[in-house]
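Encoded as structure tokens, the structure appears first; notes follow it.
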Amino acid sequence: MSLRNALIVYRKELRDMLRDKRTIRSMIVMPLVAFPLLFLGIGYVTAEFSGEAKTEIAPVMIHGGGNSPNVIAALQKLSGIRVLPYSQDALHQVAEKKIRAVVEIPSGFDAAISAGHSEKVVIDYFENNDKSEEAESKLEKFFDKYRQQILRDALTARGLPPGLVDPFTVDSKNVASASQVGAALFGGLIPYLIIIFSFTGATYPAMDLTAGEKERGTMETILSSPISRTDVVFGKFFTVVTASVVTAILALISLGASFAWAKPKLLAAAHATFQMSIEPSTVAVVAVMLLPLAVLFASALLAISLLAKSFREAQTYVGPMSFVVIAPAIIGLLPGVDLNWKTALIPILNTSLVSKEIMAGSYPWIFIAAIFGMTCVYAGIAIFWAVRMFNREDVLFRA
Amino acid sequence: MIEARELSKSFHDKKRGAIRAVDRISFSCLPGEIYGLLGANGAGKTTTLRMLATILAPTSGTATVAGYDIAREPQKVRANIGFLSTATALYDRLTAYETVEYFGQLYGLDAATVRQRADELFTALDMQEFRDRRCGKLSTGMKQKVSIARTLIHNPSVMIFDEPTSGLDVMTARSIIDFIRQCRERGKTVIFSTHVMPEAEKLCDRIGIIHGGKLRAEGTLEEMRNHFRKESLEDVFVEVSGDGR
């Protein structure tokens with residue numbers, strides 16, 4: 001290969017690509033505008049709603065308990081709920097999301113408790129409805145405390161120490177820093193976005209520089225020039241990698257900027273205690289990990305698109321390929337899917353998982369080296385394949 | 001000069017199996033000469049010229065073009081030819097000048113030489129007016145001129161034209177014909193394919209009629225007429241091409 005020739009092709013392709021409105025849209029406008037807006041929109045709406053469930057004064061009805069003024073009075077004092085007068089269709093109202101829960105207190109509850117009998121309180125709620133579940137949780141906590149108080153009073157009345165109720169307590173303590181918690185929660189999203197954007201950024205130029213050229217009749221023009229086909233492939237390959245990396249970087253910058261702007265609002269809305277700060281150096285390490293993946297995408301897309309006679313045909317080949325890329329990236333985001341030697345063998349998924357680890361602050365160096373090396377090997381095979389395809393007459397001149 | 005020896009090319013087709021598109025063709029074309037390759041659609045003209053331009057590799061046989069073997073030194077062959085066909089389109093998003101400059105660079109010329117050669121060509125072909133206009137916005141005639149400038153930027157000694165006038169209007173076709181004639185006058189070796197008989201009659205010093213992948217007849221226009229005892233090249237062509245049907 002002659003680097004000089006490959007660079008001549010690269011410069012020409014880059015100039016050509018930057019004059020194409022469709023490329024500009026997919027490489028610059030899309031990552032800068034559409035996706036961050038989308039993600040922010042989803043994030044904001046989710047935070048807004050979960051926040052609303054937490055802050056709402058939940059309307060609740062009490063069934064029974066007429067001769068139990070103590071528990072009723074305590075319930076009415078409970079903050080975060082508002083006791084409404086009981087109506088016959090109370091359960092129906094829960095199902096209709098008009099009220100959040102119904103508390104059923106058996107008759108003679110206060111008296112039975114004083115006499116030491118066990119009683120059963122029922123909380124009717126709407127499962128999987130955020131606001132109803134929030135009300136149910138408040139009520140359950142209330143009854144837990146109420147039960148403890150009664151026990152403590154009973155023990156004191158009998159001259160026994162209150163510690164009998166709670167011989168010991170358990171306190172779970174988070175030792176991870178607030179930023180680590182944030183990274184663990186959202187860290188997977190960054191590599192996922194880089195993977196998706198580096199793929200989508202490579203897709204259009206790869207199709208345009210191969211199938212598009214065949215369709216427009218410029219492929220034979222370049223093949224009649226004295227440079228080797230390997231030089232042509234590398235020139236095109238550098239162009240597609242550039243598009244891929246630029247798209248991913250722009251997406252990251254745009255997302256980072258939008259996130260920094262919206263962070264206080266999001267945190268406040270979600271009543272979150274964790275921080276969402278990720279070190280730029282961490283993102284840089286992840287970006288390096290993802291570079292061979294961009295190379296893999298570029299060469300695989302070039303080779304596949306070259307099979308097609310037209311741009312449209314290339315789209316039908318690349319469509320299913322995007323699923324092959326997105327699926328492992330999404331699996332990498334799922335909780336419970338961890339990095340081990342089995343998952344480390346799967347391309348894309350391995351990079352996604354190791355990047356998630358890096359984002360969360362741990363650096364499993366053996367995995368990092370192995371996965372980087374492996375992805376480089378896959379990328380090398382894909383480049384070799386693309387060069388082979390460019391040297392096949394039946395592919396270049398498919399009738 | 002071009003010298004083809006037993007040049008053959010087979011393709012594999014899923015439905016039809018092996019197809020011999022070009023079958024042991026031998027001919028030669030000297031500097032200062034225009035060799036016309038005549039044939040109907042699918043006769044094997046384009047495949048032959050693509051092999052000479054080293055865009056396709058021959059299945060057997062070989063050829064020397066400008067002194068280089070097409071199989072052993074394809075890059076040197078391409079560096080010494082200008083190849084123009086209906087399939088060699090231009091980049092719509094590059095200007096006329098950028099296109100010619102790009103090919104000058106690909107032919108290994110330095111920046112100063114590219115500039116000087118491009119200027120000469122743009123003036124000679126009357127292209128200065130649209131030199132900075134994008135090729136996608138040019139008329140068919142203007143595009144053909146850009147293509148010509150592209151093939152001449154490195155001043156090749158051999159010119160290969162594959163149906164260069166196909167689909168062009170009369171005026172543009174005529175300018176191409178004039179240009180091919182000028183190439184001969186400058187001592188270049190010129191081979192061109194066509195199925196337009198008057199074009200071949202006007203231009204060619206020697207003619208080869210290709211049919212079914214084989215070279216069926218070869219000679220000067222006079223020799224052809226005398227040999228087949230026909231008045232026009234078209235009659236000769238029908239006679240020769242009819243053999244194989």
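The values are calculated or read from the model by the stated rules, or taken from the named source; none is laboratory data. The structure displayed is predicted, hence computed values, not measured ones. As a convention, Cβ positions derive from the backbone with ideal geometry for all residues, glycine included, and neighbour counts pool all protein chains shown.
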Test for B:Ser157: is it more than 20 Å from B:Ala66 (Cβ to Cβ) and of a type in the set (S, T, N, Q)
no
Top-ranked residue of the stretch A:200-221 - restricted to ones that are more than 15 Å from A:Val387 (Cα to Cα) and of a type in the set (Val, Ile, Thr), ranked as surrounded by the most Cβ atoms within 10 Å (Cβ to Cβ)
A:Thr203
With respect to B:Ser28, is the statement that it is within 13 Å of B:Gly61 (Cβ to Cβ) and in a strand (DSSP E or B) true?
no
Looking at A:Phe311, A:Phe367, can you tell me which residue is touching an Asp or Glu at 6+ places or on another chain (Cβ under 8 Å) and within 22 Å of A:Val241 (Cα to Cα)?
A:Phe311
Filtered residue count, the stretch B:48-59, keeping only those that are within 10 Å of chain A (Cβ to nearest Cβ) and either without any contact (Cβ under 8 Å) to a residue 40 or more places away in the chain or more than 14 Å from A:Glu220 (Cβ to Cβ) (or both)
3
Given the conditions (1) outside any helix (DSSP H, G or I); (2) more than 7 Å from every other protein chain (Cβ to nearest Cβ); (3) crowded, with 21+ Cβ neighbours inside 10 Å, which single one is not true for B:Thr62?
(3)
Selection within the stretch B:184-216 - β-branched (Val, Ile, Thr) and either within 19 Å of B:Asp169 (Cα to Cα) or within 14 Å of the chain's Cα centre (by Cα) (or both)
B:Thr189, B:Val190, B:Ile191, B:Thr194, B:Val196, B:Ile207
Just for the stretch B:92-133: of the residues that are closer than 30 Å to B:Asp69 by Cα and touching an Asp or Glu at 6+ places or on another chain (Cβ under 7 Å), which one is surrounded by the fewest Cβ atoms within 10 Å (Cβ to Cβ)?
B:Val114
Which ones in the stretch A:176-204 are assigned to a loop (DSSP other than H, G, I, E, B) and modelled with pLDDT of 80 or more?
none
Going residue by residue through the stretch B:93-109, is there one that turns out to be within 12 Å of chain A (Cβ to nearest Cβ) and within 17 Å of the chain's Cα centre (by Cα)?
no
Go through the residues of the stretch B:179-190 one by one and say whether even a single one is surrounded by fewer than 18 Cβ atoms within 10 Å (Cβ to Cβ), among the β-branched types (Val, Ile, Thr) and away from chain A (no Cβ under 14 Å).
no
Within the stretch A:263-309, take every residue that is at pLDDT 80 or above and not in a helix (DSSP H, G or I) and give me the one that is surrounded by the fewest Cβ atoms within 10 Å (Cβ to Cβ).
A:Lys309
Quick check on the stretch B:158-174: of everything there that is assigned to a helix (DSSP H, G or I) and over 22 Å from B:Lys45 (Cβ atoms), which residue is modelled with the lowest pLDDT?
B:Met171
Is it the case, given these coordinates, that A:Pro328 is under 17 Å from the mean Cα position of the chain (by Cα) and part of a helix (DSSP H, G or I)?
yes
Would you kindly identify the strands (runs of 3 or more DSSP E) lying entirely within the stretch A:74-143 that contain at least 2 residues that are within 13 Å of A:Pro59 (Cβ to Cβ)?
A:81-84, A:101-105
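Count, please, the residues in the stretch B:75-84 that happen to be at the interface with another protein chain (Cβ under 7 Å from one of its Cβ atoms) and small (Gly, Ala, Ser).
Qualifying residue count, the stretch B:75-84: 1.
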Looking at B:Ile70, B:Ile55, B:Ile81, which one is closer than 30 Å to A:Asp20 by Cα and either crowded, with 24+ Cβ neighbours inside 10 Å or modelled with pLDDT under 95 (or both)?
B:Ile55
Checking A:Phe311 against (1) within 14 Å of another protein chain (Cβ to nearest Cβ); (2) within 21 Å of A:Thr230 (Cα to Cα): exactly one of these is not met. Which one?
(2)
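Going by the structure shown, is A:Gly201 farther than 30 Å from A:Ala314 by Cα, under 27 Å from the mean Cα position of the chain (by Cα) and in contact (Cβ under 8 Å) with a residue 12 or more places away in the chain?
It is false that A:Gly201 is farther than 30 Å from A:Ala314 by Cα, under 27 Å from the mean Cα position of the chain (by Cα) and in contact (Cβ under 8 Å) with a residue 12 or more places away in the chain.
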Being surrounded by fewer than 21 Cβ atoms within 10 Å (Cβ to Cβ), modelled with pLDDT of 90 or more and over 39 Å from the mean Cα position of the chain (by Cα) is the filter here, so list the residues in the stretch A:57-71 that pass it.
A:His63
Residue identified as hydroxyl-bearing (Ser, Thr, Tyr), closer than 20 Å to A:Leu301 by Cβ and free of Cβ contacts under 8 Å to residues at least 40 places away in the same chain among A:Thr343, A:Thr316
A:Thr316
Looking at the stretch B:45-59, which of its residues are assigned to a loop (DSSP other than H, G, I, E, B) and closer than 17 Å to B:Phe83 by Cα?
B:Ala53, B:Thr54, B:Ile55, B:Leu56, B:Ala57
In the stretch A:77-114, anything of a type outside the set (D, E, K, R), exposed (fewer than 12 other Cβ atoms within 10 Å of the Cβ) and either touching an Asp or Glu at 6+ places or on another chain (Cβ under 7 Å) or within 16 Å of A:Tyr146 (Cα to Cα) (or both) is listed as A:Ser79
Quick check on the stretch B:18-39: of everything there that is more than 14 Å from every other protein chain (Cβ to nearest Cβ) and over 18 Å from B:Gly67 (Cα atoms), which residue is surrounded by the most Cβ atoms within 10 Å (Cβ to Cβ)?
B:Leu37
Has the stretch A:333-343 got at least one residue that is part of a helix (DSSP H, G or I), small (Gly, Ala, Ser) and under 26 Å from the mean Cα position of the chain (by Cα)?
no
So, in the stretch A:373-399, how many residues would count as being within 14 Å of chain B (Cβ to nearest Cβ) and either under 25 Å from A:Pro347 (Cα atoms) or not in a helix (DSSP H, G or I) (or both)?
6
What pairs can you find where one residue is in the stretch B:156-176 and on the phi > 0 side of the Ramachandran plot, the other is part of a loop (DSSP other than H, G, I, E, B), and their Cβ atoms are less than 9 Å apart, with a gap of 6+ or different chains?
B:Glu163/B:Thr86; B:Glu163/B:His195; B:Glu163/B:Val196; B:Gly167/B:Thr86
